[in-house]
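Peer 1: Below: one structure in structure tokens.
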Amino acid sequence: MLGSTHGTLTTDSRRARVIACGEQHPGPAVHGRAADVDDLDVSGRPLYSDVPDLERFFRPGSVAVIGASDTEGRPNTGITRQLLDWAARVGARVHPVHPTRPSVFGIPCSRSVAELPEQIDLAVLLVADPLPVVEELAEAKVRFAVAFASGFAETGEEGAEAQARLAAAVRRSGLRLLGPNTNLNAFERFREDLQGPAIALITQSGHQGRPVFALQELGIRLSHWAPTGNEADLETADFISYFAERPEVGAIACYVEGLKDGRSFLLAADRAARRQVPVVAVKVGRTEVGARTAASHTGKLTGADDVVDAAMRQFGVVRVDGLDELQDTAALLARARPPRAEGVVVYSISGGTGAHVADLATGAGLRLPVLSEARQAELHQWIPEYLSVANPVDNGGHPVGDERGRKIIDSILDDPEVGVLICPVTGPFPPLSDRLVRDLVDAAEHTDKLVCVVWGSPVGTEPAYREVLLGSSRVATFRTVGNCLTAVRAYLDHHRFVRSYRSPFDEAPRTPSPSFRKVRDLMRPGQQLSEHAAKQLLRAYGIRVPREQLVTSAAAAVRAAAQVGYPVVMKASGAQIAHKTELGLVKIGLTSASQVRDAYRELTDIARYEGVCLDGVLVCQMVERGVEMVVGATHDALFGPTVTVGLGGVLVEVLRDAAVRVPPFGEEQARDMLAELRGRALLDGVRGRPPADVDGLVEVVLRVQRMALELGDDIAELDINPLMVLPRGQGAVALDALVVCR
């Protein structure tokens, strides 16, 4: 495999807030320059941040070791020794600092930071309390510091307060801090003899990066390792942004327990997507147990996992579950060329193996095209006629032992529909397997298409594997079929994504709309709006609602029904009513004045009995024909406003068929949300029903997004349920709405 083609920006976790009248609070603290209004979207969140210059962190000219030691048996001694070895490799001058020692390992000691003999690029703090030292480093204008000390946010409330004090001191100081609760992974010995695009590694738990670091022993280059720890200052997003700009980095591999700031992470992922640098991540927190454990480890929000998952997918981050998947997927994405085609061919010596892998590949979402009759006829020159070569290609075994083997591989790779060849070798069978892998390696050297081999032997010591496959930089070698298919799917998805990627931050709204000014008086902090008020809010943002009137008497209800037009729906309207149907506060299909009078009296009687305060009764146009959907917005603790669309109606909580996105996003992402729904076919028309107005539904999703951006910090929850999506060309109507103010 050869080099890939070649994101975002970091922000302080504090946000500015743009007020509707045009006042602007101070912008977020962006290292390098102050943010101005052009850097903020309409919600006051950053659209831009500088990429931190971390060159002097990874390659400093001068290093101060605060608390250095050479007393055998002390932990600081081992750390000091490793730092001295690392500094020698990167060409840095080391200055030990200790108040009582004249020297450490023969190097003269400074008694304090103030006595250091030169400007320091990186200070390593081997002290239990880094806070006083940070203030000294600020006076000395040190650029970077690393704090190994634990006992901060990972320990609970008291530790979180200590970390907050440390973070505040770092912000005042002007230096950048890695940690606390980090380790020595940034100062490991990286192999210098490896070529090709490299993997840059980011981990919040040092041990979890070991499998990726060990890829060097398989000939895969690693360029950096950033162990971010508790992220009091420098965070995962900072390193993604920096690595995305590095020409030697082919992929970024991350182990993430908690994200410090959702917008910072999205900006970083956006930068990587713009640069076409793949980001592969394990994100802890898919389950409640995992989320709780991650919080105790790093003391940060994990975020609602469905939102995290959607946000990663939205910005092209490849999320995997296991560390083995992380290493295999990152290695492939770092080194493989962009695909020439998306078709996958499975080639094996066994019909059973081919059928099994082809079945798994199809289930993984890969496309296995049927080879043309001409291509199959060519393959049958070397493969017996009774064997299938349509895809998967079964060679029967014997052809791999002579010149036919290479001809078969070349023929498959010559097919214009084929972009990936996968050859599973379930176990070694020398000498045929040795000849097979040599042919695959040779063919890979002469093609720009991806050649993957799954070496299934549990031993892994065979020369064909160790010397031939691992000696090739052009063949992607895997030990399991599952990891191979995961990586190939990610490879094809990534390149499809970056080919069409357009940053949503470029088009994000920066100034409030006229609609926002109209609805400010509707907000009731801490309260739920009545359905009538909620629909006024929707109408102000251009979302269609039924014809309706709010009435306070039976006579007024009859007049309203005549104006709205029979049949009508009548609903109790009040600020505290959440589930009207369950309380019997909805009457549908009313066709006469007498039914309307009776319905009004019944609704008001039920409300009095239930102790529900009403602002009136809604007399509404009845809309019957369409697909019931739900579109909503809520406030995520990590990412801020989010937008959801799904199948609606009374079974919405049972079906739980919904897709979520984090603003800003465009029309294409809105349509992708619909494609994710299990019930998507309902919109296309089933059992004789006409196709629904998907364009009208997408328009509502985008209008709700605008509401989420402009009102997201004021609204805790917004639900349009049901949103009746009418037949094609007729739009969508919000039949009911719930709005809860923050």
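Quick note: the coordinates plus some simple rules give every number you see, no bench work behind them. The structure presented is a predicted model; accordingly, all values stated were derived computationally and were not measured. Using ideal geometry, Cβ is built from the backbone for each residue, glycine included, and neighbour counts are taken over all protein chains shown.
Peer 1: Subtract the Cα-Cα distance of Ala675 and Arg479 from 0.36 nm times their separation in residues, and report this length gain in nm to one decimal.
Peer 2: Once the chain is fully extended between Ala675 and Arg479, it gains 67.2 nm.
Peer 1: Hey, how many Å between the Cα centroid of region 539-618 and the Cα centroid of region 100-127?
Peer 2: Going from one Cα centre to the other spans 78 Å.
Peer 1: Which log10 I(q)/I(0) values does region 55-178 give at q = 0.12, 0.13, 0.18, 0.23 Å⁻¹ under the Debye formula, counting every alpha carbon as one identical point scatterer?
Peer 2: -0.42, -0.50, -0.94, -1.38
Peer 1: In nm, to one decimal, how far is the modelled label at Arg340 from the one at Arg286, with both set 7 Å along Cα→Cβ?
Peer 2: Between Arg340 and Arg286, the label points sit 3.5 nm apart.
Peer 1: Here is a follow-up. Relative to the present Cα-Cα distance, how much length would full extension add between Glu139 and Arg74 at 0.36 nm per residue of separation?
Peer 2: That works out to 20.4 nm of additional length.
Peer 1: Where in region 56-93 is the amide nitrogen less than 17 Å from a point lying 7 Å along the Cα-to-Cβ axis of Glu115?
Peer 2: 64-70
Peer 1: Among the listed pairs Lys141/Lys260; Lys283/Lys449; Lys260/Lys283; Lys518/Lys580, which are separated by more than 23 Å between their Cα atoms?
Peer 2: From Lys141/Lys260; Lys283/Lys449; Lys260/Lys283; Lys518/Lys580, over 23 Å: Lys141/Lys260; Lys283/Lys449; Lys518/Lys580.
Peer 1: Summing -39500 (n - 2.57) over the DSSP H runs of n ≥ 4 in the chain and dividing by its residue number, what mean residue ellipticity at 222 nm do you reach, to the nearest 500 deg cm²/dmol?
Peer 2: -10000 deg cm²/dmol
Peer 1: Still on this structure: Under a 5 Å amide H to amide H cut-off, with H placed in plane at 1.01 Å, what residues pair with Val124 once short-range neighbours are removed?
Peer 2: Answer set, sorted by chain and number: Ala64, Val65, Ile66, Val146.
Peer 1: Counting only residues 5 or more places away or on other chains, whose amide H sits under 5 Å from the amide H of Arg221 once H atoms are built in the peptide plane?
Peer 2: For Arg221, whose amide H was placed from the backbone, the distant partners under 5 Å are Ile199.
Peer 1: Please list 3J(HN,Hα) in residue order for region 413-426, calculated via the Karplus relation 6.51 cos²θ - 1.76 cosθ + 1.60 where θ = phi - 60°; whole Hz, with x for glycine and proline.
Peer 2: With coefficients 6.51, -1.76 and 1.60, one gets 5, 6, 5, x, 7, 9, x, 9, 10, 10, 10, x, 10, 5 Hz.
Peer 1: Further question: Based on the mean of other Cβ atoms within 10 Å per residue, sort peptides 444-450, 172-178 so the most packed one is first.
Peer 2: 172-178, 444-450
Peer 1: What is the set of long-range amide H partners of Phe478 at a cut-off below 5 Å, with H atoms built 1.01 Å from backbone N?
Peer 2: Correct list: Val453, Val454, Trp455.
Peer 1: Mind giving me the nanometre distance, one decimal, between the label points for Glu602 and Arg59, set 7 Å out from Cα along Cα→Cβ?
Peer 2: Taking the simple label geometry, Glu602 and Arg59 are separated by 7.9 nm.
Peer 1: So, R0 is 41 Å and r is the distance between the beta-carbons of Arg81 and Tyr48; what FRET efficiency does that work out to, to 0.05?
Peer 2: 0.45
Peer 1: Sticking with this structure for a sec: (1) 81, 64, 59; (2) 95, 83, 40; (3) 85, 71, 60: which one is Cα extents along the principal axes in Å as calculated from this entry?
Peer 2: After the calculation, the listed value that fits is (2).
Peer 1: Set the Förster radius R0 to 22 Å, insert the Cβ-Cβ distance between Glu582 and Glu624 as r into 1/(1 + (r/R0)^6), and round the FRET efficiency to 0.05.
Peer 2: The formula returns an efficiency of 0.55 here.
Peer 1: Here's a follow-up. Work out how much length Glu373 to Ala390 would gain on full extension: take 0.36 nm times their residue separation and subtract the Cα-Cα distance, in nm to one decimal.
Peer 2: Numbers: separation 17, 0.36 × 17 = 6.12 nm, distance 0.82 nm.
Value of the extension gain: 5.3 nm.
Peer 1: A further question follows. Place a point 7 Å from Cα of Arg559 in the direction of its Cβ. Which residues in region 609-637 have their backbone N less than 15 Å from it?
Peer 2: Within reach of a label on Arg559: 617, 619.
Peer 1: What FRET efficiency would be calculated for the residue pair Glu157, Arg210, taking the C-beta separation as r and a Förster radius of 41 Å, to the nearest 0.05?
Peer 2: Given R0 = 41 Å and the Cβ-Cβ separation, E is 0.85.
Peer 1: Would you mind telling me the antiparallel percentage of the DSSP bridges in the chain, rounded to 5?
Peer 2: Counting DSSP beta bridges with both partners in the chain, the antiparallel share is about 50 percent.
Peer 1: Enumerate the calculated ³J(HN,Hα) couplings along region 731-736 in order (Karplus 6.51 cos²θ - 1.76 cosθ + 1.60, θ = phi - 60°), each rounded to whole Hz, writing x wherever the residue is Gly or Pro.
Peer 2: Once θ is set to phi - 60°, the couplings for region 731-736 become x, 9, 10, 7, 7, 8 Hz.
Peer 1: How large is ³J(HN,Hα) for each residue in region 207-218, as worked out from phi by the Karplus curve 6.51 cos²θ - 1.76 cosθ + 1.60 (θ = phi - 60°), to whole Hz, x for Gly and Pro?
Peer 2: After applying 6.51 cos²θ - 1.76 cosθ + 1.60, I find 5, 6, x, 4, x, 6, 4, 6, 4, 4, 6, 9 Hz.
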